[in-house]
């Protein structure tokens, strides 16, 4: 039976994982059993996808990213080069805590920059943009732009990743798409 996805000859694909149609898996990447990868994903070089990880459709995982058990990424998520997820809040080499993995949720359309660290148990909201090298220690709101260590919100972004400038009326327009956004009571919503 022909595969409906591409895997480089150096990739390791364990039995019992699910990989969607049109997905591409590149050099030295390891997909472990019980991992679920959606359609049209792209997993770069030296990526590890652990058991129980779920990736939606069209997820882009750049080189040198390890997705540990407990990580869930919805559709259209971007994970930058060498960014890091954790899955235990108090790891110790001599203490086995495989039954204590903590879930981390990355919502639809969110992007996480190169070398960022996402501490487990946090949720990254829809279309949030995490800057390169940021350290996320708490939940991130939808459309939030977060930078620094520890991560702090420095503004809002559109679904196209542009910083939004809200007027006195609480409205902003994405310069690329023309989509309109509203800031009300500390939350951003797209006007449809």
> Would you call residue 182 surrounded by fewer than 16 Cβ atoms within 10 Å (Cβ to Cβ) and in contact with a strand residue (DSSP E or B) (Cβ under 6 Å, 6 or more places away or on another chain)?
Replying inline: yes
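Conditions (1) surrounded by 17 or more Cβ atoms within 10 Å (Cβ to Cβ); (2) touching a residue at least 12 places away in the same chain (Cβ under 8 Å), marked per residue:
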residue: 49; (1), (2): yes, yes
residue: 55; (1), (2): yes, yes
residue: 61; (1), (2): yes, yes
residue: 66; (1), (2): yes, yes
residue: 70; (1), (2): yes, yes
residue: 75; (1), (2): no, yes
residue: 78; (1), (2): yes, yes
residue: 97; (1), (2): no, no
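Give the number of residues within segment 32-55 that are in a loop (DSSP other than H, G, I, E, B) and either over 17 Å from residue 4 (Cα atoms) or in contact with a helix residue (DSSP H, G or I) (Cβ under 7 Å, 6 or more places away or on another chain) (or both). I'd like the intermediate steps shown before the answer.
Kept after step one, since they are in a loop (DSSP other than H, G, I, E, B), are these residues of segment 32-55: 32-35, 38-41, 44-47, 50-53.
From what is left, the residues that are either over 17 Å from residue 4 (Cα atoms) or in contact with a helix residue (DSSP H, G or I) (Cβ under 7 Å, 6 or more places away or on another chain) (or both) are 32-34, 44-47, 50-53.
Number of matching residues: 11.
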> Would segment 107-117 turn up any residue that is free of Cβ contacts under 8 Å to residues at least 24 places away in the same chain, within 30 Å of residue 51 (Cα to Cα) and out of contact with any strand residue (DSSP E or B) (no Cβ under 7 Å at 6 or more places or on another chain)?
Replying inline: no
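Please determine whether any residue of segment 2-10 is in a strand (DSSP E or B), at pLDDT 95 or above, within 28 Å of residue 139 (Cβ to Cβ) and out of contact with any helix residue (DSSP H, G or I) (no Cβ under 9 Å at 6 or more places or on another chain).
The initial filter retains those residues of segment 2-10 that are in a strand (DSSP E or B), namely 6-7.
Okay, now just the ones that are also at pLDDT 95 or above, so 6-7.
Going one step further and asking which of them are within 28 Å of residue 139 (Cβ to Cβ), we end up with none.
No; the residues of segment 2-10 include none that is in a strand (DSSP E or B), at pLDDT 95 or above, within 28 Å of residue 139 (Cβ to Cβ) and out of contact with any helix residue (DSSP H, G or I) (no Cβ under 9 Å at 6 or more places or on another chain).
Working only within segment 71-103, note down all residues that are closer than 14 Å to residue 56 by Cβ and either in contact with a strand residue (DSSP E or B) (Cβ under 7 Å, 6 or more places away or on another chain) or assigned to a strand (DSSP E or B) (or both).
Narrowing segment 71-103 to residues closer than 14 Å to residue 56 by Cβ: 71-79.
The answer is 71, 72, 73, 74, 77, 78, 79.
Test residue 145 against the criterion of being closer than 28 Å to residue 63 by Cβ and part of a strand (DSSP E or B), and give yes or no.
Values: closer than 28 Å to residue 63 by Cβ: yes; part of a strand (DSSP E or B): yes.
When the stated conditions are applied, residue 145 passes them.
The values are calculated or read from the model by the stated rules, or taken from the named source; none is laboratory data. In this text the structure is predicted, and so the values were computed from the model without any measurement. All Cβ positions, glycine included, derive from the backbone under ideal geometry; neighbour counts span all protein chains shown.
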